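J.: One structure is given below, represented as structure tokens, and several questions about it will come after.
The values are calculated or read from the model by the stated rules, or taken from the named source; none is laboratory data. Being a predicted model, the structure only gives us computed values, none of them experimental. Glycine also receives a Cβ, built like all others from the backbone with ideal geometry; neighbour counts cover every protein chain displayed. Please note that ligands, DNA and RNA were not included when accessible areas were found on the heavy atoms of the full protein model with its side chains. Shrake-Rupley method; radii C 1.70, N 1.55, O 1.52, S 1.80 Å.
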Amino acid sequence: MDNSLQNQLLPLRERIDALDEQILALLNQRAQAALDVGKVKQEFDAGGPILKPEREASIIRRLQGANQGPFPSQAIDAVWTQIISACRGLESVLTVAYLGPQGSFSEQAALEQFGNSVEKLRCASFDEVFRAVEAGQAQVGMVPVENSTEGAVNRTLDLLLNSPLKVLGERSLSIHHCLMTQSGNMQGVTRVMAHPQALAQCQSWLTLHHPGLIRDAASSNAEAARIAAEDPTVAAIAGAMAAEAWGLGLVASGIQDDPQNRTRFLAVGAIDTLPTGHDKTSVILAVPNRAGAVYDMLAPLADNGVSMTRLESRPARTGQWEYYFYVDLLGHRNDPAVTKALADLKRRAAFFKELGSYPIQ
Ligand SMILES: O=C(O)C(=O)C[C@]1(C(=O)O)C=C[C@@H](O)C=C1
């Protein structure tokens, strides 16, 4: 480097060094404050949850609103999620259960939601995720609930119906699928493996580029990647994180049929989340089997000025063409309009279950 460049860079880098030291000193003060909060919680609510989803969401939203730049507002979420995660970890380590193995999109969603200072509990199925949280082996679970190409993740909907756990957060990820093999090419490859959702999300691409491959279901994409790492005749469809985790070479990237492909994940746990002023509430309803019943069921929402953001149906498996309706609405169950709408819904419905109120991502 020439001298004048060095002369200009040096003082700027010294400034960055000094600022980083100040940031570090402040982070340590913050960590101490979190430890003090932990002691207060212990004193007043021994054994109660350390995780306060509403507080974490409010901190990040407040900073995003106050940010004057040039530090990008999108980066505030990622940076403060990690700061809060590290501070929370000093109070008590949060265990997060999700569908593994290493490198799954569920893992990515869990870490984006709760930061890296967590204990990871990788599970073999969505059922196991729910069981682990219900049994207290993990405080929270992260499960996919809907995909923009393939719609609802039915197993998650069924588990939500039968589980006592509450929804305490949501996280949407953009899902970019890659085709990966041991060698990084398709020589000798006869089979492609992935979770059925991923196979469905890439079906046109596979038909166009690899029509001869046998398509086999795996319990997760990351599991398919694990198998591909052992078997040179198998290609896996998974995220780039899985290729890295299992030492696979990428054959093609961005192979999902919809470039805007996204999956929404829910965080579940035995924790009630307080209002933040920007929340959603999820409920499950069933209506009597008669004309106009769905229309009548939803009337309390309009009557109370509550907006619905999602309506999903799932057969009740009675063989009678009866359905459970999964409804997301705007607002927290403690907001007066929502409280009133929920009470009216409950009165009209043949079945009613609140899944929880939680901060909107
Ligand atoms: O405010 C609290 O209750 C804390 O425990 C502190 C803190 C934080 O680091 O800001 C950490 C964990 C909680 O989930 C929320 C916030």
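J.: Treating only the Cβ of Lys, Arg, Asp and Glu as charged (+1, +1, -1, -1), what charge dipole size does the stretch 178-255 show about its Cα centre? Round to the nearest 20 debye. Can you show the working numbers first?
T.: Details: 3 positive and 5 negative charges, 32 e Å.
With only Lys, Arg, Asp and Glu charged at Cβ, the dipole is about 160 debye.
J.: Which whole-number percent is the relative contact order of the chain (Cα, under 8 Å, 6+ apart)?
T.: For the chain, the relative contact order is 17 percent.
J.: Counting only heavy atoms of protein chains, what accessible area per residue, in Å², does the stretch 49-174 have with a probe of 1.4 Å?
T.: 41 Å²
J.: Could you tally the net charge around Gln201, taking each other residue with its Cβ under 9 Å from the Cβ of Gln201, Lys/Arg +1 and Asp/Glu -1?
T.: Residues near Gln201 contribute -3 overall.
J.: Between Lys39 and Ile227, how high is the FRET efficiency from 1/(1 + (r/R0)^6) when r is the Cβ-Cβ distance and R₀ = 41 Å? Nearest 0.05.
T.: Plugging the Cβ-Cβ distance into 1/(1 + (r/R0)^6) gives 0.30.
J.: Using 0.36 nm per residue of separation minus the Cα-Cα distance, give me the extension gain between Asp296 and Glu14 in nm, one decimal.
T.: Extra length from Asp296 to Glu14 when fully extended: 94.8 nm.
J.: Something else about it: What number comes out for the charge environment of Ala225, summing +1 per Lys or Arg and -1 per Asp or Glu over other residues with Cβ under 14 Å away?
T.: Residues close to Ala225 contribute a combined charge of -3.
J.: Rank Glu312, Glu43, Glu150 by accessible area, highest first, at a 1.4 Å probe radius?
T.: Ranked from most to least accessible, the order is Glu43, Glu150, Glu312.
J.: Could you please state, rounded to a whole Å, how far the C-alpha centre of the stretch 35-105 is from the C-alpha centre of the stretch 119-139?
T.: 20 Å
J.: Here's a follow-up. Taking every DSSP beta bridge that has both residues in the chain, what percent is antiparallel when rounded to the nearest 5?
T.: Of all bridge pairs located within the chain, approximately 75 percent are antiparallel.
J.: Using 13 Å as the cut-off for backbone N distance, which residues of the stretch 307-327 belong to the label zone defined by a point 7 Å from the Cα of Asn289 along Cα→Cβ?
T.: Only 315-324 pass the distance filter.
J.: Can you give me the three principal axis dimensions of the chain from its C-alpha atoms, in Å, biggest first?
T.: 83, 61, 37
J.: Taking the Cα centre as origin and putting +1 on Lys and Arg beta-carbons and -1 on Asp and Glu beta-carbons, what dipole magnitude results for the chain, to the nearest 20 debye?
T.: Taking the Cα centre of the chain as origin, the dipole is about 760 debye.
J.: Under a crude label model (7 Å from the Cα following the beta-carbon direction), how far is Arg191 from Val79 in nanometres?
T.: Distance between the two pseudo-spin positions: 4.7 nm.
J.: What nm value, rounded to one decimal, do you get for the distance between Phe351 and Gln260 when each label is placed 7 Å out toward the C-beta?
T.: 3.3 nm
J.: Let me ask another. So for the stretch 275-359, averaging the separation of alpha carbon pairs under 8 Å that are six or more residues apart and normalising by length, what relative contact order in percent results?
T.: 49 percent
J.: For the stretch 172-316, what is the charge dipole size about the Cα centre, in debye to the nearest 20, if Lys and Arg each add +1 at the Cβ and Asp and Glu each add -1 at the Cβ?
T.: 180 debye
J.: Name the residue farthest towards the positive end of the dipole of the chain from the options Tyr326, Asn147, Pro196, assuming +1 on Cβ of Lys and Arg, -1 on Cβ of Asp and Glu, about the Cα centre.
T.: Tyr326
J.: I would also like to ask the following. Out of Ser85, Pro101, Ser163, whose Cα points farthest toward the positive end of the dipole of the stretch 49-174 (charges: +1 Lys, Arg; -1 Asp, Glu; placed on Cβ)?
T.: Final value for the positive-end residue is Ser85.
J.: Tell me, what is the FRET efficiency for Ser307 and Ala66 to the nearest 0.05, using R0 = 25 angstrom and their Cβ-Cβ distance as r?
T.: Working: r = 27 Å, r/R0 = 1.09.
Here the calculated transfer efficiency is 0.40.
J.: Can you send over the carbon and sulfur percentage of the accessible area for the stretch 275-359, probe radius 1.4 Å, protein chains only?
T.: Carbon and sulfur together cover 53 percent of it.
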